[in-house]
Amino acid sequence: MATVFTRILAGEIPGQFVWRDERAAAFLSINPLQPGHTLVVPCAEVDHWLDLEADLLAHLTSVSQAIGKALMTVYSPVKVGFLMAGLEVPHAHLHVVPIRGVHDLDFANADPMWEQARLATEAERIRAALRAAGHG
């Protein structure tokens with residue numbers, strides 16, 4: 001059975017993409033911890049990050065780093081948090097989140113579902129920063 005992320009990748013469910021290549025995609029979380037909270041996922045449906053091939057994990061990390069730099073430009077946070085929890089959806093994914101403190105990574109503080117129009121605005125800001133940095 002396809003995961004919600006696989007369905008987003010297939011276009012069955014809307015997603016606000018900021019990155020897409022043959023191996024990975026990144027889109028905004030609909031329940032963001034902070035504005036700009038981005039999920040980086042492999043295109044292949046792999047449940048546990050321990051099962052990712054090393055080169056794919058390295059690629060996901062590289063994509064996350066590029067997005068993290070764009071988030072620094074767009075949101076000017078203290079840092080950009082990077083974590084892999086993997087309990088919410090059985091599809092490996094990395095969270096890249098602009099943060100001002102560790103409390104910004106607490107999933108209990110996630111914002112309720114954002115509207116696609118608001119996500120689209122944030123996604124365009126991130127895509128513009130990625131383009132300015134030479135990506136896409």
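The values are calculated or read from the model by the stated rules, or taken from the named source; none is laboratory data. Everything quoted here is computed from the prediction, not taken from an experiment. Positions of Cβ are backbone-derived with ideal geometry, glycine not excepted, and every protein chain shown enters the neighbour counts.
At-a-glance table
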| read-out | value |
| --- | --- |
| Complete set of residues in the stretch 86-104 that are under 12 Å from S29 (Cβ atoms) and without any contact (Cβ under 8 Å) to a residue 40 or more places away in the chain | E88 |
| Filtered residues of the stretch 51-84 (kept if in contact with a His (Cβ under 6 Å, 6 or more places away or on another chain) and part of a strand (DSSP E or B)) | L83 |
| Contacts under 7 angstrom Cβ, first residue in the stretch 60-83 being over 12 Å from I126 (Cβ atoms), partner part of a helix (DSSP H, G or I) and of a type in the set (G, A, S), 6 or more apart | F82/S64; F82/G68 |
| S76, sole failed condition from (1) polar (S, T, N, Q); (2) over 12 Å from the mean Cα position of the chain (by Cα); (3) surrounded by 14 or more Cβ atoms within 10 Å (Cβ to Cβ) | (3) |
| Single unsatisfied condition, A26 versus (1) more than 18 Å from M113 (Cα to Cα); (2) among the small types (G, A, S); (3) out of contact with any Cys (no Cβ under 8 Å at 6 or more places or on another chain); (4) not in a loop (DSSP other than H, G, I, E, B) | (1) |
| Residue count, the stretch 31-48 (criterion: among the aliphatic types (A, V, I, L, M) and either assigned to a strand (DSSP E or B) or modelled with pLDDT under 95 (or both)) | 3 |
| Single residue of V63, V41, V46 found to be crowded, with 18+ Cβ neighbours inside 10 Å, more than 14 Å from the chain's Cα centre (by Cα) and over 21 Å from P112 (Cβ atoms) | V46 |
